[in-house]
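I have placed the structure first, in the form of structure tokens, so that the comments after it can refer back to it.
The values are calculated or read from the model by the stated rules, or taken from the named source; none is laboratory data. Note that the structure is predicted; figures quoted are calculated from it, not measured. So basically every Cβ, Gly included, is an ideal-geometry build from the backbone, and we count neighbours across all protein chains shown. With ligands, DNA and RNA removed, areas are computed over all heavy atoms of the protein, side chains included. Shrake-Rupley method; radii C 1.70, N 1.55, O 1.52, S 1.80 Å.
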Amino acid sequence: MVNIKINNIPVSVEEGTTILQAAKKIGIRIPTLCYMKDINAIGACRICVVEVKGARSLVAACVYPVNEGMEVFTDTPKVRASRKTTLELILSDHNKSCLSCDRNTHCELQDLSYEYGCDINRFSGEHHECEKDVSTPYLVRDNSKCVLCRRCVAVCRKIQEVGVIGPVKRGFKTHIGCAFENDLNDSPCVACGQCINVCPTGALHEREEIDEVRAAIADPEKIVIAGPAPSVRAGLGEEFGYPMGTNVEGKMITALRMLGFDKVFDVNFSADLTIMEEANELVERIQKGGKLPMFTSCSPGWVRYLEYYYPELIPNVSTCKSPQQMFGAIVKTYYAEKLGVDPSKLYVVSIMPCTAKKFEKGRPDQSASGYPDIDAVLTTRELAKMIKQNGILFNELVDGEVDSPLGIYTGAGVIFGATGGVMEAALRTAAETITGKPLENVEFKKVRGTKGIKEATYDIGGKTVKVAVASGIANAKKICEKVSKGKCDYTFIEIMCCPGGCVNGGGQPIMSSVVRENTDYKALRASVLYKADKKCGLRKSHDNPVIKEIYDNYLGKPGSHKAHEILHTSYVKRERYKK
Amino acid sequence: MAQNAKVPFNGTKAQADELEKVLKGLKNVEGALMPALQQAQDIYGYLPIEVQEVIADRLGVSLAEVFGVATFYSQFTLTPKGKYKIGVCLGTACYVKGSGEIYAELQKQLGIESGITDDLVYSLDATRCIGCCGLAPVMTVNDDVYGKLTKDQIAGILAKYKA
């Protein structure tokens, strides 16, 4: 142990501990900007500087290790002046259109500037030249607001191991970009949006579709239908001051109706539908000797990753559309027929914790009715923004109920948002399909939890089924390597692009790096879904009465020709770089 | 936005084999990216996307990371050099002796601002001090050095280097 004093308070910590960590231990927050625990301790931004007795200059607390007898001062006038000047220099080359910035009040640079009483115009000088990258349907990069903290680069390289962005050039010309200055759209980006979630400023945000949705709502010819994903109800409350892990499903439904949606359904329902098709596909592959292991296909970021990096494994991916796409497909076919309206009159908006869903809706082979299955995708953040714009006092709302019939769901559909949820839901249905007997226990607990890779072996009707669950692309990569080398005996593999699953998707409410470091956010949000599952009377997708009705009267049976036409899709090999 | 070289990539099999050999030797070596880029540039004369992709793949790093390093150091070049690589020293001594005029004359005669001529014969670069200030102003063509230049000598020098 090493004994040091911070602001005259003695503390003993393990060797190798940084000043930042030691200070935290005794309740002192040293401000940071570029720092992110475990993945970005680079001492680049100089906001965390502190005084060390005897040292020639101020040192960066995030990377400076403690020494025996060290005396540290974190809040002297010299330290405060240095941090303030550093911030003012950052602001001198910052696009300060803060008033209407997407990140206003959620910006770490803004918070620090306020805290240090910065004169935002103290230094006037050259501004680096940059163009907005609006090449993708899911993300906007505005480098005029970038502070070069490299947090986006760290998450892309170290958490997702995709690494499509990085610092380019040097000195004042340094900027974050893609290889060969390609647009993001010409790079093998998986569209996860994790970079947005860690950006401390407004340099990264989703490509908004609020205007398109408002135009559709205002159009008297259109029947506008909303379908929120499971994870939205687990995250949305954070935007309105609820503690993390609060289920706001009822208020969310009321708010959607107040926004002017004609029907409020639920993607939890189409998650059940996905399970019907996916479990059937799995059972067929097992019984008829199809390609195994089978990968899930719900996560469009994951599918995109596979298409770029492991195209040889495309035959292993389930051909089922994702719950979002199945939702739109069934609304515009079955439901349109039921209503007796042309599908062109229906405008389907999904609300997603995800940015990749904005890409997915434009994929080929995703228009069962002849019209795109999904017309617009809003992230959880965009929905919160609309609610605030409309003057809806979210916290005062009474709980609403979804419309019939496409809002009825089982517990299996709701757990889709957590890593392992799709696996568990599929196992509930597959097991009963194979054995023909009701399950004694519907909870498959070994595939739960926020661990990056989980494995489990189950005995189903005398057959041993080995499954794997991975979330985050770095973990997906490990599994793909094993599968492509034939070094595994898995039958079924669930992969989610974002670490922890959709509850931690790139469209969820923004957390500061401090909240990120000190909160078990993946588990807290997932707990909402598991609690909701427990409360559901029906917990297996095939018990959903609406699902039964749709198969009996419309689709026939799972895997039928009609089901394939409406609910299944295909994949393509993608070239990583445009030359 | 994209920076596409105007010259199509036409690396030879011999070059590709040599690069593979270099990269094999650097496998699992820490900090292999810089030496890989240096040796690749020795082989190809520059670092086009095709070469950087091979480096990224073999060393297990992303192309964005390779590109980041290649654009950080001014010694790396993403555009090919001509058959004759012309460098004009714009270091202090040469500059005060009028190398700016020499550079401008070369730009005029070659018809390019910098980079490579359309026929791929000449490339032009401004360099820092090359260490023979006594000869200022200085230009180099490949390994030949020309000193105490005046701009009326330029046409004669270029005439020595034909396609």
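Within the shell of other residues whose beta carbon sits under 11 angstrom from the beta carbon of A:Gly202, the net charge comes to +1, with Lys and Arg scored +1 and Asp and Glu -1. The modelled label-to-label distance for the pair A:Val398/A:Ile120, using points 7 Å beyond Cα in the direction of Cβ, is 4.2 nm. In the stretch A:82-99, whose amide N lies under 13 Å from the spot 7 Å out along Cα-to-Cβ of A:Thr174? List them in ranges. Answer for the stretch A:82-99: A:90.
With Rh defined as the Kirkwood radius, the inverse of the mean 1/r over Cα pairs, the Rg/Rh of the stretch B:13-72 is 0.91.
If you take the alpha carbon atoms of the stretch A:2-75 and fit the smallest convex hull around them, that volume is 81 Å³ per residue.
Using the Cβ-Cβ distance between A:Glu481 and A:Ile210 with R0 = 35 Å, the FRET efficiency computed as 1/(1 + (r/R0)^6) comes to roughly 0.30.
Every pair of different Cα atoms in the stretch A:91-206 enters the Kirkwood calculation, which places the hydrodynamic radius at 14.8 Å. The length gained by stretching the chain between A:Cys488 and A:Val514 to full extension, at 0.36 nm per residue less their Cα-Cα distance, is 5.5 nm. Phi angles of the stretch B:7-18 translate, via the Karplus equation with coefficients 6.51, -1.76, 1.60 and θ = phi - 60°, into HN-Hα couplings of 9, x, 6, 9, x, 8, 5, 4, 5, 4, 4, 5 Hz per residue; Gly and Pro are given as x. Computed on the Cα atoms alone, the convex hull of the stretch A:251-339 gives a volume of 122 cubic angstrom per residue.
Distant-in-sequence amide contacts of A:Gly461, defined by a placed amide H-H separation under 5 Å and a gap of 5 or more residues or a different chain, comprise nothing. Bridge orientation summary for chain A: considering DSSP beta bridges with both residues in this region, about 55 percent are antiparallel. Net length available on complete extension from A:Ser560 to A:Ser12 is 190.6 nm, with 0.36 nm assigned per residue and the Cα-Cα distance removed.
A probe of 1.4 angstrom, applied to the heavy atoms of all protein chains, finds A:Met1 with accessible area near 150 square angstrom. Gyration tensor analysis over the Cα atoms of the stretch A:139-234 returns equivalent ellipsoid semi-axes of 32, 16, 13 Å (largest first, whole Å). Among the trypsin sites (Lys or Arg not before Pro) in the stretch B:1-95, those located in a DSSP loop and surrounded by at most 11 other Cβ atoms within 10 Å of their own Cβ are B:Lys6, B:Lys27. Can you compute the FRET efficiency between A:His128 and B:Ser114 using 1/(1 + (r/R0)^6), with r the Cβ-Cβ distance and R0 = 25 Å? Round to the nearest 0.05. The formula returns an efficiency of 0.70 here.
Stretched out straight at 0.36 nm per residue, the stretch from B:Thr127 to B:Gln153 would grow longer than its current Cα-Cα span by 7.4 nm. With N counted as the residues of the stretch B:84-160, its alpha-carbon radius of gyration over 2.2 N^0.38 Å works out to 0.98.
For the stretch A:461-579, pairs of C-alpha atoms spaced more than 16 angstrom apart make up 79 percent of the total. Placing unit charges on each Cβ (+1 for Lys and Arg, -1 for Asp and Glu) gives the protein assembly as shown a dipole about its Cα centre, and among B:Cys94, A:Ser350, A:Leu529 the Cα reaching farthest toward its positive end belongs to B:Cys94. May I ask for the percentage of alpha-carbon pairs in chain B that lie more than 26 Å from each other? For chain B, the fraction of Cα-Cα distances above 26 Å is 38 percent. In the structure shown, the pairs B:Lys85/B:Lys108; A:Lys158/A:Lys477; A:Lys361/A:Lys522; A:Lys169/B:Lys21 are assessed against 21 Å; a Cα-Cα span above that value is assigned to A:Lys361/A:Lys522; A:Lys169/B:Lys21.
Once Rh is set to the Kirkwood radius over Cα pairs, what Stokes-Einstein translational diffusion coefficient, in µm²/s, holds for chain A at a temperature of 25 °C and a viscosity of 0.890 mPa s? The estimated diffusion coefficient comes to 98 µm²/s. The label point for A:Lys5 and the one for A:Glu68, both projected 7 Å from the Cα toward the Cβ, are 1.8 nm apart. Each part gets one Cα centre, and for the stretch B:94-163 versus the stretch A:326-391 those centres are 63 Å apart. From its DSSP helices (H runs of at least four residues, each -39,500 (n - 2.57)), chain A gives a residue-normalised ellipticity at 222 nm of -9000 deg cm²/dmol. Within the shell of other residues whose beta carbon sits under 14 angstrom from the beta carbon of A:Ile453, the net charge comes to +4, with Lys and Arg scored +1 and Asp and Glu -1. Once R0 is set to 51 Å, what does the formula 1/(1 + (r/R0)^6) return for the Cβ-Cβ distance between B:Val29 and A:Lys222, expressed as a FRET efficiency to the nearest 0.05? So the FRET efficiency works out to roughly 0.25. Counting only Cα atoms, the size of the stretch A:412-456 along its three principal axes is 32, 21, 14 Å, in decreasing order.
Each label was represented as a point 7 Å from its Cα along the Cα-to-Cβ direction; for A:Ile26 and B:Val7 these points are 6.2 nm apart.
In order along the stretch A:4-20, the phi-based Karplus estimate (6.51 cos²θ - 1.76 cosθ + 1.60, θ = phi - 60°) of 3J(HN,Hα) comes to 9, 10, 10, 6, 6, 9, x, 8, 10, 9, 5, 4, x, 5, 8, 4, 4 Hz; Gly and Pro are listed as x. Dividing the convex hull volume of the alpha carbon atoms of the stretch A:322-442 by its residue count gives 169 Å³ per residue.
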